[in-house]
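Contents: one structure, followed by commentary.
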């Protein structure tokens with residue numbers, strides 16, 4: 001930063017509110033953190049989903065590293081009534097290490113215990129998400145990683161479907177106000193299917209206070225086996241969307257964010273469809289150590305979730321730093 005660190009700038013100019021705000025945010029980001037999330041899903045396939053997540057991060061080496069446990073519980077009720085409920089309990093750990101200004105590693109690993117009705121009993125699956133991030137310079141970011149995950153529809157839960165995926169992305173900023181991103185992934189499914197997925201996105205910042213971005217996003221995917229039970233698997237799929245992103249501050253301790261997109265999608269054998277998605281959050285700092293954040297997400301796109309259904313998600317998060 002030009003002019004030295006925030007603490008030095010404050011000492012030299014106590015009235016520099018920007019440096020004081022930046023220093024306060026940096027200090028918050030390097031503190032230990034505990035977080036609780038509760039989510040409620042409303043899906044067009046009628047599946048009733050409740051999910052609870054508990055996590056903690058211990059930060060060390062002046063914030064360059066973090067490590068902590070992860071605990072998640074989800075209940076899936078296909079009929080919205082008593083009985084025939086699937087539950088998934090995940091116990092795991094997450095960590096990251098910033099080796100240098102140019103290299104960062106992140107990894108989360110856990111065991112998903114799936115318990116469903118019928119004679120199948122409980123099944124345990126190793127899941128993980130690990131990736132490396134490279135920052136060649138201030139304008140480039142490159143990510144590459146591997147992931148193993150389970151699915152969240154009634155048929156995929158009943159069939160114990162699991163996917164192994166490799167993924168990569170690159171972000172380039174031609175100017176400080178614009179970004180070009182490309183992303184790709186390849187996945188093998190435990191039912192014998194394979195998926196290729198790719199995406200390209202352009203985004204331009206048109207205002208600073210609040211920060212307003214507009215953009216355009218293209219997404220494509222194809223599957224080896226089509227119309228598999230329980231998840232969206234077309235022979236070929238394409239979508240094109242206009243995007244809007246807004247982030248700002250509504251008060252000294254209140255922050256907000258809004259995301260929205262609209263466009264069209266088509267899969268082979270299907271008609272063109274209009275799609276829309278949006279999300280919003282509001283974070284309020286109740287104290288220097290405690291935040292509350294309600295949020296809401298909606299999408300009508302067939303490709304927005306693994307199941308291919310429209311989905312609403314209401315969330316409340318409690319974040320404590322110490």
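The values are calculated or read from the model by the stated rules, or taken from the named source; none is laboratory data. This structure is a prediction, so every number in the text was calculated from the model and none was measured. For neighbour counting, all protein chains shown are included, and Cβ atoms are generated from backbone atoms with ideal geometry for every residue, glycine included.
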### Task
Only residues that are over 30 Å from residue 192 (Cβ atoms) and not in a strand (DSSP E or B): list them for region 225-269, please.
252, 253
### Task
Only residues that are on the phi < 0 side of the Ramachandran plot and either crowded, with 18+ Cβ neighbours inside 10 Å or in contact (Cβ under 8 Å) with a residue 60 or more places away in the chain (or both): list them for region 218-237, please.
219, 221, 222, 223, 228, 229, 231, 232, 233, 234, 237
### Query
Any idea which of 34, 74 is over 20 Å from residue 319 (Cβ atoms), under 24 Å from the mean Cα position of the chain (by Cα), at pLDDT 95 or above and assigned to a strand (DSSP E or B)?
74
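Per-residue answers, yes or no, for (1) surrounded by 16 or more Cβ atoms within 10 Å (Cβ to Cβ); (2) closer than 25 Å to residue 54 by Cβ; (3) modelled with pLDDT under 95:
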position	(1), (2), (3)
252	no, no, yes
271	no, no, yes
299	yes, no, yes
317	yes, yes, no
### Query
Can you find even one residue in region 151-165 that is assigned to a strand (DSSP E or B), touching a residue at least 60 places away in the same chain (Cβ under 8 Å) and under 26 Å from residue 89 (Cα atoms)?
no
### Query
In region 40-67, what residues are buried (at least 18 other Cβ atoms within 10 Å of the Cβ) and either under 17 Å from the mean Cα position of the chain (by Cα) or on the phi > 0 side of the Ramachandran plot (or both)?
41, 51, 55
### Query
What do you reckon, is residue 191 at pLDDT 95 or above, part of a strand (DSSP E or B) and more than 26 Å from residue 140 (Cβ to Cβ)?
no
